[in-house]
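Some notes on the structure that comes next.
The values are calculated or read from the model by the stated rules, or taken from the named source; none is laboratory data. This structure is a prediction, so every number in the text was calculated from the model and none was measured. A quick note on method: Cβ atoms are made from the backbone with ideal geometry, for glycine too, and the neighbour counts reach across all protein chains shown.
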Amino acid sequence: MKRIESEFCFALTNPGSEKSLKRELETMNLGWRPGYQRRGFVTFKADEVFSLDSLALDIATARRLCLSLGKAATREEAVNLIGGRYLIHHALYADRKMQGGESVRKPEIGEIVGTVVELGPAEFWAGLHRHGPSKSPDPAGDSGMIMPVESPSRAWLKLEEAVRFFDLKFTPADIVVELGCAPGGVVLALLHRGVPVIGVDPAKMAEVVMAWAIENRDDAPNGNPWFYHCRKPAALTSKRDLGQGVTWFMSDMNQSPEVVLKECARFCKMVPSIRGVLITLKLTDLMQIADKAQWFTALTAMGFRTIRLQQLAVHHKEFALLAMK
Ligand SMILES: C[S@@+](CC[C@H](N)C(=O)[O-])C[C@H]1O[C@@H](n2cnc3c(N)ncnc32)[C@H](O)[C@@H]1O
């Protein structure tokens, strides 16, 4: 089969993150030069042509990275640029958001997927990417998931979107510890997935979550998911509060990446059974993305091998940081 190449690629990002995307690429020293830009959309050029393989990169600020097939005046024309043989995803900039269209089916790993991006009434772009294990299966990396009314916070969406983006699997043997768990959107999502949670936060939890609460960590029942509220700051949490068997460390604390990663290292040392980490990193300035390598180094030093940083459609000044052993 003929190698598919292009002089240009384009990235879809959360509107307002374009500068951060360009900064991230600069720190990666790929030699890519930004070209045309609209809200949520940036094209790049390099000295060498892009291929589907050369775009198999993890770029935290890009929800989707495509080989560019060019610009078109209508959707039909853009679809024709892609041709009839690929699954086609639609993306649309509307209501100040880069939104994904409806998904017909999940792409297979290795499958080439076309993307048509609608930036305005007569501005469409066509692109291609290859689906991989660390790529969102959804158009424009946007699952379009709707939060249940009983969720006490939007954090429910952050957990569910990360699970879908990274294709995370939980087993009945998993126990999650979440720092910064109040009022409980993430905890509710995990409980509904059948995963027990130890939540650390001095703040009050919502009643819908407290319905699953146990008084003592030692009373955790076998079989059913449960919630244990460790009502104190993260720094005061000890091995005794956590008990045996914690397998996941999560954090949604509104603290700097440095503070969160320091706690993560302490928890991983206290609980060697932790196999996965999922952190919502909160940045005061999106340009802090330039510190990405430092965060990866810290996680590598904790023994993690697969590390991913990713902006999700539900994020603003946040990134999901995933690490697996
Ligand atoms: C964005 S909210 C978390 C939302 C929550 N994950 C949910 O699913 O609803 C941030 C939380 O971090 C907590 N927090 C901030 N610093 C903390 C610390 N040092 N230890 C524990 N919790 C902390 C705050 O009390 C606050 O409830």
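Things worth noting here:
- Verdict on A220 being within 12 Å of the ligand (Cβ to nearest atom) and touching a residue at least 12 places away in the same chain (Cβ under 8 Å): no
- Condition broken by S251, with the remaining ones in (1) among the polar types (S, T, N, Q); (2) crowded, with 17+ Cβ neighbours inside 10 Å; (3) closer than 27 Å to K22 by Cβ satisfied: (3)
- Scanning the stretch 304-324 for residues that are out of contact with any Leu (no Cβ under 6 Å at 6 or more places or on another chain), of a type outside the set (A, V, I, L, M, F, W, C) and surrounded by 14 or more Cβ atoms within 10 Å (Cβ to Cβ) gives Q310, Q311, H315, E318.
- Enumerated strands (runs of 3 or more DSSP E) restricted to the stretch 213-305, each holding at least 3 residues that are under 18 Å from the mean Cα position of the chain (by Cα): 248-251, 276-282
- Filter pass, F304 being away from the ligand (no atom under 16 Å from the Cβ), modelled with pLDDT of 95 or more and among the aromatic types (F, W, Y): yes
- Where strands (runs of 3 or more DSSP E) fall entirely within the stretch 111-188, those with at least 2 residues that are within 16 Å of the ligand (Cβ to nearest atom) and of a type outside the set (S, T, N, Q) are at 176-179.
- Selection status of R193, of a type in the set (K, R), touching a residue at least 12 places away in the same chain (Cβ under 8 Å), more than 22 Å from Y228 (Cα to Cα) and surrounded by fewer than 24 Cβ atoms within 10 Å (Cβ to Cβ): no
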